[in-house]
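Written out below as structure tokens is the structure these notes cover.
The values are calculated or read from the model by the stated rules, or taken from the named source; none is laboratory data. Because the structure is a prediction, the values reported are computed rather than measured. Ideal geometry is used to build each Cβ from the backbone, glycine not excepted, and the neighbour counts take in all protein chains shown.
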There are 2 protein chains.
Amino acid sequence: MATGQLMAVTLLTRAIEYDVVGRKLEALKLYEDGIEALLKESKAETDAKKKHHYQTKIVEYMNRAEQVKELVTRWKSKGVISDKIHIVEGATGYGYGRIFGEYLNDDVRELLIEEPYVRDHYQICNVVMLCELAVRSCRNLKFIQLLTVQDAKNNDEQGRAFGTLKESLQKHAVKFVVEYSEHMHDRQVILSNGYVVKIGRGLNYFKPSPSRYQLGAFDYHYRECRETNVDVFYCPENNKS
Amino acid sequence: MATGQLMAVTLLTRAIEYDVVGRKLEALKLYEDGIEALLKESKAETDAKKKHHYQTKIVEYMNRAEQVKELVTRWKSKGVISDKIHIVEGATGYGYGRIFGEYLNDDVRELLIEEPYVRDHYQICNVVMLCELAVRSCRNLKFIQLLTVQDAKNNDEQGRAFGTLKESLQKHAVKFVVEYSEHMHDRQVILSNGYVVKIGRGLNYFKPSPSRYQLGAFDYHYRECRETNVDVFYCPENNKS
């Protein structure tokens, strides 16, 4: 088997494997990469019969990928409201543990973070903190996808930061993938157990600590917040393997 | 009543009050301050009868303070070994939550931190983190005393840091007092519920994080440690009000 063909088969086999066990986000990424690899093979193929075989397979996988994509999109549909928190300006007690903690459990295998502002140092740090909490709380977490806007001015720094985080998560057997979008608007964290957490300000609702030597410097439970609303939705349908 | 006399009475009344409810560390400090104030009054007093009355009271309070001091010293006597942890070089999973967490409960009203090295930024930060954890875990915590060595080179910075921490803890109704000692050697954290946690390296057994963008940058559960031993002792006698 040619290397290209082998790669396509590997990717698509894993896509099906993950698809079956409910790791939909990661499966979708694998379907897309696998189809791309198969398309390349198909183009290069001169034997008409083989070419036809490739094309049939491509259509087959595209249909399945489309279904998975619809399912993932449905994750974002709101579902039933499960909790509502109004954080008033200057309030404390709203670290990520308080906001996300009760939803981050062993049923979560994938996490999709949609947050346009992950450019400044403190914004990237907020994503790192959420990842720490998720890895620690979800024993079966395998995949974190971040959808954000690329930093036009300074994307070297942003890219390097994501590279470091990816490497670090890999050591905990969690794959980290960043996708960039120019015109994203929603700010939400989607958990594969059916919960969607929407924070008005996104992840960056903490005020800076006036000093490193006071409560709240490390434990964000004691950090003052900016005013924002948190809505948590539950889509039981999402929690299906 | 003269102001000096009033102050002495206030201090000593509170000392007895705290002594009775088991806030021994804080009571000891109040006895000492109250006795000092009373001594000043006694010296200034010209009426022989009143002077004698002061002196009788001073002896009375000194005896009680001595008893409390003995009790606090007994806290440091080792008691029964309750847990032993050997942290190997480079290990993770040993944040303060893991080491102190199960002992920090609502029975803890006072905390005595004996740690000679609280000079460098990261060392002060470690004390701040331990305070965050203690305040969050011990609903009845009222008093934290830090015994450390004064920074000869740069004690302005150290003093300012402790001032900031003191103000911050005050907002959570916890009094913070620093005492300096030149020839301290023990490194231990003494909880008023009877537990004594002794860490070979003291509080500073974490390695620095190579980057702010990786797990362990914020959650020390993921931070690599230096090799050290942790011994936890339990003195049920200490847990008496």
Screening A:49, A:76, A:29, A:40 for residues that are in contact (Cβ under 8 Å) with a residue 40 or more places away in the chain and either touching a helix residue (DSSP H, G or I) at 6+ places or on another chain (Cβ under 9 Å) or surrounded by fewer than 13 Cβ atoms within 10 Å (Cβ to Cβ) (or both) leaves only A:29
Given the conditions (1) within 30 Å of residue B:174 (Cα to Cα); (2) of a type in the set (Ser, Thr, Tyr); (3) within 14 Å of chain B (Cβ to nearest Cβ), which single one is not true for residue A:228? (3)
With respect to residue A:68, is the statement that it is of a type in the set (Val, Ile, Thr), within 30 Å of residue A:191 (Cβ to Cβ) and crowded, with 17+ Cβ neighbours inside 10 Å true? yes
Report, ordered by the first and then the second residue, all pairs with beta carbons closer than 7 Å, sequence separation of six or more or different chains, a first member in the stretch B:202-216 that is facing another protein chain (nearest Cβ under 7 Å), and a second member that is hydroxyl-bearing (Ser, Thr, Tyr) and surrounded by 19 or more Cβ atoms within 10 Å (Cβ to Cβ). B:214/A:168; B:215/A:168; B:215/B:222
Unique match (being modelled with pLDDT of 90 or more and either over 28 Å from residue A:113 (Cβ atoms) or in contact with a strand residue (DSSP E or B) (Cβ under 7 Å, 6 or more places away or on another chain) (or both)) among A:3, A:56, A:13: A:56
Conditions (1) in contact (Cβ under 8 Å) with a residue 40 or more places away in the chain; (2) touching an Asp or Glu at 6+ places or on another chain (Cβ under 9 Å); (3) more than 12 Å from every other protein chain (Cβ to nearest Cβ); number of the one not met by residue B:221: (3)
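In the stretch B:27-54, what residues are of a type in the set (Asp, Glu) and in a loop (DSSP other than H, G, I, E, B)? Walk me through how you get there before you give the answer.
Pass one, the stretch B:27-54, residues of a type in the set (Asp, Glu): B:32-33, B:36, B:41, B:45, B:47.
Within the stretch B:27-54, B:45, B:47 meet the criteria.
How many of the residues in the stretch B:12-26 are part of a helix (DSSP H, G or I) and buried (at least 21 other Cβ atoms within 10 Å of the Cβ)?
Residues meeting the conditions: 7.
Could you tell me which of the residues B:206, B:143, B:233 is crowded, with 18+ Cβ neighbours inside 10 Å and within 29 Å of residue A:132 (Cα to Cα)? Before you say what the answer is, go through the steps one by one.
On the way: B:143 fails: within 29 Å of residue A:132 (Cα to Cα); B:233 fails: within 29 Å of residue A:132 (Cα to Cα).
Going through B:206, B:143, B:233 in turn, the sole match is B:206.
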For residues in the stretch A:188-203 being in contact with a strand residue (DSSP E or B) (Cβ under 6 Å, 6 or more places away or on another chain) and small (Gly, Ala, Ser), which is surrounded by the fewest Cβ atoms within 10 Å (Cβ to Cβ)? A:200
